[in-house]
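Worksheet: one structure, shown below.
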Amino acid sequence: MKLDVANPTIASWFQSQRRWRGVADPRELGAVSPLPPEELRELFGTEQPTLEAIEKSDEFIDRLERGQGVYILLYQQGKPQKIYFAGYSYD
């Protein structure tokens, strides 16, 4: 499953952000990037976290610098269901 920035809701939000640069891998300022598999395993004990697992910990957010963002594919019954975005603004 890939990040679908063609989705009108997601795309319009990103377009509204003045400093939006896109999706980056590895992580860089002004872009969102996937949380690497090794970090997913370290933080959640799996590469396929659920929303419930992510909501129990904000440790991954503490690792971000201003202007960085991450996305995490959320799974339910072993299938990707949603995309979770988190990050810090420049403000």
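Values quoted throughout were computed directly from the atomic coordinates according to the rules given, and no laboratory measurement underlies them. Please read these numbers as outputs of a predicted model, since none were measured by experiment. Here the Cβ positions follow ideal geometry from the backbone for every residue, glycine too, while neighbour counts run over all protein chains shown.
Once backbone amide H atoms are built at 1.01 Å from N, LEU74 has GLN81, LYS82, ILE83, TYR84 as its partners under 5 Å, excluding neighbours fewer than 5 places away on the same chain. Three semi-axes describe the equivalent ellipsoid of the stretch 28-91; taken as square roots of 5 times the Cα gyration tensor eigenvalues and ordered largest first, they are 21, 12, 10 Å. What you get for the stretch 28-91, charging only the Cβ of Lys and Arg (+1) and of Asp and Glu (-1), is a dipole of about 280 debye around the Cα centre.
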